1. Rank by packing, highest mean first: peptides C:34-40, B:131-137, with packing defined as the count of other Cβ atoms within 10 Å averaged across residues.
2. Can you bin the stretch C:247-322 into rounded, prolate or oblate? Criterion: square roots of the alpha carbon gyration tensor eigenvalues sorted a ≥ b ≥ c, rounded for a/c under 1.5, prolate for a/b above b/c, oblate for the rest.
3. Please rank A:ILE128, B:ILE266, fewest neighbouring Cβ atoms within 10 Å first, as an exposure proxy.
4. Before anything else, pin down the relative contact order of chain B: Cα pairs under 8 Å, at least 6 apart, normalised by residue count, whole percent.
5. Any idea what angle helix B:22-39 forms with the longest principal axis of chain B, computed on alpha-carbon atoms, 0 to 90 degrees, nearest 10?
6. Once every DSSP H run of n ≥ 4 in chain B is given -39500 (n - 2.57) and the sum is divided by its residues, what mean residue ellipticity at 222 nm do you get, rounded to the nearest 500 deg cm²/dmol?
7. According to the square roots a ≥ b ≥ c of the eigenvalues of the Cα gyration tensor, what is the shape class of the stretch B:1-41, taking rounded for a/c under 1.5, prolate for a/b larger than b/c otherwise, and oblate for the remainder?
8. If you average the alpha carbon positions of the stretch C:162-176 and of the stretch C:210-233, how far apart do those two centres end up, in angstrom?
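Each reported figure results from applying straightforward, stated rules to the coordinates on display, with no laboratory input. No experiment lies behind these values; they were computed from the predicted model shown. Cβ atoms come from the backbone with ideal geometry, glycine included; neighbour counts cover every protein chain shown.
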Amino acid sequence: MRLGVKRLPDDGLLEVRDLKKYFPTKRKGVFVRAVDGVSFRLKRGEVLGLVGESGSGKSTTAYTILGVYEPTAGQILFKGQDISTGLARRPLALKKEIQIVFQDPGTSLNPSRTIGQILGVPLAVHRIGTRAERQQRIAELLRLVELPVDFMYKYPRAIGGGERQMVAIARALATNPSLVVLDEPTSALDVSVQAKIINMLMKLQRELHLTYLFISHDLSLMRNVATRVAVMYLGKICEEASTPELFANPLHPYTQMLLSSIPVVSKAEEATKPKRIRSTGEIPSPVDVPPGCGFHPRCPFRTEACSREEPAMREVEEGHFVRCHLLGAGVPGDGQIH
Amino acid sequence: MADSAKWRERLGRAWYKFSRNRLSVVGLVLVVGIILLALLAPVVVPYPEHAGAFVDYANANLPPSRTYLFGTDVFGRDIFSRTIFAFRGALIMAIGVLVTVVPLGSFLGLVAGYFKGTRLEAFIMRITDVFLALPPLILALAICAMLRPTLFNSMMAVCVSWWPWYTRLVYGMARSVRSEFYVLAAEVAGASKAHILFREILPNCMAPIFTKMALDVGWVILVGAGLSFVGLGEQPPTPALGTMVSDGAKYLPHLWWNSVFPAIAIMVMVLSFNLLGDGIRDMLAREEA
Amino acid sequence: MEDSTLVEIKNLTVWYRVYGGLLRVLDGVNLSVARGQKVGIVGETGCGKTTTVKAILRILPKNAVVPEGTIMFQGRNVLKMRGRELQELRGQGIAMVFQDPTAALNPVFTIGQQIMEVIKYARPGGKAKEWREMAVRALKEAALPDPERLMENYPFQLSGGMRQRVCIAMALATARTLLIADEPTTNLDVTIQDQVLRLVRRLVEEKGTSLILITHSLGVAREMTDLVYVMYAGTMVEVAQTDELFDNPLHPYTLGLLQSIPKLTGGGVTQGIAGRIPDYANPPPGCRFAPRCDQAMPICSERKPALFDAGGGHQVACWRFAAGGEAVA
């Protein structure tokens with residue numbers, strides 16, 4: 001089921017323009033090119049799935065938007081305002097607006113503090129209410145994620161993994177943010193628990209009109225939660241489309257390889273997987289990016305041009321962007337994204 | 001109701017982990033005994049007046065007997081009474097040193113660990129390294145030699161050589177805790193440095209600090225005894241274990257009880273605190289999943 | 001049928017002694033693996049999959065007790081084996097691949113040294129040159145590029161996927177009758193998982209080795225196995241041929257699990273399964289899934305259901321199927 005999204009007149013919330021994040025290595029002049037020219041837009045109320053394998057740069061992209069890293073180049077615009085700096089230089093009010101739910105609730109909740117103390121931190125930092133009002137708000141937050149209110153006296157280790165992640169979600173929502181980054185929020189959990197968390201996230205998104213940047217390696221999950229999906233490979237987005245379009249008509253060979261690799265549980269799903277490609281090779285190190293298209297060493301359809309020239313992002317159909325030489329010829333418009 | 005049950009549960013679990021090693025229990029019993037003896041010294045000791053400037057040449061140099069459990073020294077003082085009184089100085093030394101050194105060293109380590117990669121870190125840690133390069137006993141000796149020999153001054157000297165161990169320990173912990181996601185979560189929420197240092201990071205460094213403290217009591221006593229052995233601690237006539245060993249050493253081997261019993265007392269103290277420390281370490285260790 | 005059975009676990013019960021009592025983890029587990037068969041054990045965190053495997057290899061932690069049950073491997077009871085026999089079991093009979101290849105490989109030895117060590121252990125009589133040849137052959141079989149050079153590499157020089165393939169090569173370097181793979185691809189990316197799974201399947205099929213694949217992923221089990229055991233809270237709740245299980249799942253837990261998985265065909269995400277895994281110190285009497293089951297009947301919380309036959313070798317531990325495949329209302 002796709003979630004209904006309310007379109008507001010001025011619906012742009014976040015825009016990322018040609019974002020780059022390089023990390024220095026021990027060798028001088030050699031960089032880890034974790035994020036290497038990423039652009040996308042996020043509308044209010046949207047759920048954008050940023051999908052990729054480890055080393056694709058999806059998490060670095062998210063953390064740079066969050067301000068954990070300073071961008072090397074490019075721009076991050078939030079509600080039209082340039083926020084391309086690190087956390088230290090961001091105004092406090094902005095930190096209220098952008099929040100995150102981390103991957104593993106086992107490590108994202110301080111084991112020496114009670115749930116109440118943990119939820120109280122963002123409230124105290126942003127001076128929300130009096131002490132008593134904050135206590136009210138903590139109880140409210142727990143109710144919001146359908147946890148018993150007396151959980152505020154418990155320590156994280158005393159509750160289950162799924163419940164911990166609910167607490168992490170409540171913490172992210174404590175300051176009424178407009179953008180929430182979800183960094184693989186269910187990949188450390190069992191599927192039966194994942195289902196509960198995802199349902200809760202989707203319910204909150206609808207009710208509180210939240211916008212999600214959903215980082216994930218799981219395309220099956222994205223099929224069910226995202227309004228749009230961007231597939232990342234080696235620091236770049238290689239394909240981006242609305243969810244139904246991407247899954248019905250995956251165009252980039254890497255997207256096809258990803259889809260074909262997913263183990264599924266029914267014949268109906270089996271039928272949707274691309275058949276003409278099988279997974280080979282491994283993602284290269286972002287220190288040693290191959291010339292031309294980053295995917296060409298693993299691509300069964302590579303041509304001579306692929307190792308020579310980097311393909312540009314093209315809009316092959318309305319709202320469906322692909323970065324691949326194979327799809328370059330004969331496509332009208334040659335429209336580069338943004 | 002529920003709270004007291006929970007506490008009983010927690011205490012029960014802690015005791016279970018602590019007592020799985022029988023030696024920890026032995027250590028605990030000995031430590032409690034030592035502390036009680038030191039506190040109640042004037043009451044439990046047969047000749048409390050012997051702990052001062054007391055002379056009884058008629059009963060000098062007597063071997064251990066019913067009346068004088070550990071024998072008497074050259075002034076005719078009961079060595080047992082003096083040994084028990086000497087526990088006081090040893091414990092004051094250990095407590096004084098740790099109460100000073102633990103907060104100070106931990107704070108520096110915490111700051112250095114949190115600000116890793118900065119000049120502040122480099123500054124704190126290089127100074128720490130310099131102090132760590134010098135053996136504590138030698139450094140304390142050198143400092144003591146410059147000051148008037150009193151218990152307080154020897155404590156100061158040990159403090160100077162002891163804080164870097166805590167800085168190192170907490171530094172290592174803080175460095176790793178710093179990169180935990182819950183610290184990042186606090187930063188993303190906009191929490192202050194003080195909050196992150198003292199509320200998020202420090203509580204997660206406490207277990208190793210407590211363990212090291214328990215183990216250190218013994219070592220500080222040993223260093224203190226070392227200082228008083230060369231005459232740089234508590235001054236006569238107040239009894240100090242180290243002084244008693246060194247004074248008695250002159251009369252070895254025939255008046256062996258003069259130094260052997262205080263020496264055994266040092267050994268027992270150090271051993272008891274180390275056994276207790278091991279138990280505390282087991283108790284604070286996170287359960288394996 | 002009987003002589004083709006390689007592993008036969010009957011009524012295996014494992015408890016862990018902990019502070020305050022016993023954790024009754026495994027509660028009468030039955031499992032059977034035929035020669036050359038690929039068997040999956042599927043279940044979520046804490047369901048006892050790994051405990052089952054540890055029991056087979058006799059590597060249970062010290063606080064474990066096995067009050068009941070037998071584990072027959074090639075006709076001998078593993079639980080009664082001693083010293084020499086156990087060494088043979090682990091060194092020559094059963095090979096193991098773990099979840100984390102980084103922890104499974106020793107960082108200070110080269111890949112070559114480690115594989116040769118395994119081979120040496122399995123056939124003590126040979127020569128160093130033979131061992132080396134076998135090691136290179138094993139790497140080649142695992143489709144690892146440039147095996148000669150790889151022999152000289154250290155684990156840190158390889159990617160996670162490569163390391164896991166080395167572990168698989170190492171496990172199957174000498175002839176084994178059974179390979180146990182415990183979540184071998186959980187830490188790997190999906191495209192690498194696909195490659196590693198294909199490798200495992202090819203190797204066990206070529207060598208006729210039996211496979212026990214422990215996984216939390218029903219999808220992985222479906223692609224890899226002939227027979228699937230679904231495990232919940234220390235009990236086997238459903239057993240069926242793989243195709244049958246996915247076409248016709250019967251146990252409420254299996255159904256809940258299948259519904260929880262987000263599908264590539266869309267359709268949203270269900271509510272999952274309410275509640276959580278029971279406390280092993282105080283497990284529910286009767287069916288351990290009953291407290292979470294939306295179809296529970298009075299009998300479910302009183303008596304433990306046996307594995308009832310639902311036809312065609314499909315077995316379900318659920319009172320609804322007590323009357324030979326027909327649901328008892």
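1. Details: C:34-40: 20.4, B:131-137: 14.7.
Descending mean neighbour count gives C:34-40, B:131-137.
2. Numbers: a/c = 2.53, a/b = 1.29, b/c = 1.96.
Oblate.
3. On the way: A:ILE128 16, B:ILE266 23.
Least to most surrounded, the residues fall as A:ILE128, B:ILE266.
4. Working: 426 pairs, mean separation 73.2, N = 289.
Rounded, it is 25 percent for chain B.
5. 60 degrees
6. On the way: 11 runs with 200 residues, N = 289.
It comes out at -23500 deg cm²/dmol, rounded to the nearest 500.
7. Working: a/c = 7.25, a/b = 1.71, b/c = 4.24.
Oblate shape, in that a/c is at least 1.5 and b/c is the bigger or equal ratio.
8. Between the Cα centre of the stretch C:162-176 and that of the stretch C:210-233, the gap is 20 Å.
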